[in-house]
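Undergrad: Sharing a structure, written as structure tokens. Questions coming.
The values are calculated or read from the model by the stated rules, or taken from the named source; none is laboratory data. Because the structure is predicted, anything quoted here is derived from the model rather than measured. Here the Cβ positions follow ideal geometry from the backbone for every residue, glycine too, while neighbour counts run over all protein chains shown.
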Amino acid sequence: MAHAIRMHAAGGPDTLRWEEVSVGNPGPGQARLRHVAVGLNFADTYFRAGLYPIPLPNGIGVEAAGIVEAVGEGVTNVAPGDRVTYTGFLNTLGAYSTERVIPAAPLIKLPPAISCETAAAMTMRGLTSSYLLRRIWPLRTGDTILLHAAAGGVGLIVSQWAKFLGLNVIGTVSTEAKAAVARAHGCDHVILYGREDVAKRVREITEGVGVSVVYDSVGKDTFAGSINSLKRRGLLVCVGTASGPVPPIDATQLAVKGSVFVTRPALADYISDPVEKNALAKELFGHVSAGRIRIEINQRYSLQDAAQAHRDLESRKTTGSSIFVV
């Protein structure tokens with residue numbers, strides 16, 4: 001029998017329940033999947049806590065990889081037996097499950113060199129890294145970027161990819177152990193944000209110039225330092241809110257800080273077009289298959305242990321990617 005993690009109320013990790021579920025046959029435009037591995041992402045905690053409101057009761061999780069068992073009428077992008085991965089937002093909610101029926105449109109076929117575990121660890125993080133580096137800003141060889149949470153799942157992919165593109169990478173982390181991880185994956189300089197003034201250190205490293213782009217997945221606690229780390233006409237990319245939402249933005253201050261830019265992108269807007277999604281995925285899969293980007297799965301959990309996995313993630317005990325093995 002199929003099982004899933006479901007939530008009946010928003011709140012802490014203990015709201016997550018392991019339940020038996022019924023999985024029917026796929027309807028038009030749908031596919032039935034048997035999951036092999038499920039991704040654990042910080043966005044999952046936003047759904048669980050109610051920051052991203054959803055009708056309840058509901059499933060949770062937006063990323064997984066597995067085998068197509070059946071397809072409904074009109075489905076042409078995948079077939080039974082295909083190994084696939086997916087990520088999204090509301091259209092893929094419910095990934096914390098052993099089996100499920102899902103719209104077929106978000107499914108991406110996996111190349112032979114990428115396992116389902118690797119795919120579950122990298123699809124959301126990898127596509128995020130792909131659009132951050134290849135769509136947001138016209139980065140050029142020699143540019144310097146600031147990457148918060150450099151030892152996290154997205155951070156490790158971005159730092160490796162950035163070095164491949166010829167960028168200088170300044171990463172921030174919380175501990176010496178994470179600093180070592182960040183350096184091993186491409187960071188040229190690492191700042192321990194709890195001990196150092198990030199903006200001041202960035203100015204020292206860049207000889208007063210600042211960085212072209214800041215990728216900030218932390219939010220409230222790092223926003224001011226991120227703005228102050230930018231060079232004239234640089235860009236702050238607010239890509240997450242692990243410490244809480246960023247404060248209201250005073251547009252006048254953007255001019256005062258050097259005519260800087262701020263954006264808050266969402267992955268969904270960069271993969272809604274199937275052509276663009278496939279292009280981003282193809283480039284990502286190519287780098288991973290060739291070994292230019294290593295995907296670090298540093299934590300594995302069973303789905304029944306979803307509550308503990310969320311506690312570990314929110315307490316910043318994890319590095320790299322985390323997955324549930326089904």
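Undergrad: Being surrounded by fewer than 15 Cβ atoms within 10 Å (Cβ to Cβ), in contact (Cβ under 8 Å) with a residue 12 or more places away in the chain, touching a strand residue (DSSP E or B) at 6+ places or on another chain (Cβ under 6 Å) and not assigned by TED's automatic domain parsing to the domain that holds Ile227 is the requirement here; does Gln308 meet it?
TA: The answer is no for Gln308.
Undergrad: So, one more: Of the numbered conditions (1) farther than 18 Å from Phe223 by Cβ; (2) surrounded by fewer than 20 Cβ atoms within 10 Å (Cβ to Cβ); (3) under 17 Å from the mean Cα position of the chain (by Cα), Leu280 fails exactly one; give the number of that condition.
TA: The one condition Leu280 does not meet is (2).
Undergrad: Could you list, in sequence order, all residues of the stretch 175-199 that are part of a loop (DSSP other than H, G, I, E, B), surrounded by 15 or more Cβ atoms within 10 Å (Cβ to Cβ) and either among the basic types (Lys, Arg) or in contact with a Phe, Trp or Tyr (Cβ under 9 Å, 6 or more places away or on another chain) (or both)?
TA: Gly186
Undergrad: Additional query: Just checking, how many residues over the stretch 211-233 are under 19 Å from the mean Cα position of the chain (by Cα) and part of a strand (DSSP E or B)?
TA: The qualifying residues number 4.
Undergrad: Output the residue which, of all residues in the stretch 162-174 that are outside any loop (DSSP other than H, G, I, E, B) and polar (S, T, N, Q), is farthest from the chain's Cα centre (by Cα).
TA: Only one residue fits best here, namely Asn168.
Undergrad: Collect the residues in the stretch 44-67 that are of a type in the set (A, V, I, L, M) and surrounded by fewer than 22 Cβ atoms within 10 Å (Cβ to Cβ), keeping them in residue-number order.
TA: Scanning the stretch 44-67 gives Ala49, Leu51, Ile54, Leu56, Ile67.
Undergrad: Which residues, taken from the stretch 135-159, are within 15 Å of the chain's Cα centre (by Cα) and closer than 23 Å to Glu276 by Cβ?
TA: Scanning the stretch 135-159 gives Gly153, Val154, Ile157, Val158.
Undergrad: Within the stretch 1-34, track down each residue that is in a loop (DSSP other than H, G, I, E, B), in contact with a Leu (Cβ under 8 Å, 6 or more places away or on another chain) and surrounded by 13 or more Cβ atoms within 10 Å (Cβ to Cβ).
TA: The one that is in a loop (DSSP other than H, G, I, E, B), in contact with a Leu (Cβ under 8 Å, 6 or more places away or on another chain) and surrounded by 13 or more Cβ atoms within 10 Å (Cβ to Cβ): Ala10.
Undergrad: Can you name the residue in the stretch 45-83 that is in contact with a helix residue (DSSP H, G or I) (Cβ under 7 Å, 6 or more places away or on another chain) and not in a loop (DSSP other than H, G, I, E, B) and is also farthest from Asp312 (Cα to Cα) among such residues?
TA: Within the stretch 45-83, the match that is farthest from Asp312 (Cα to Cα) is Arg83.
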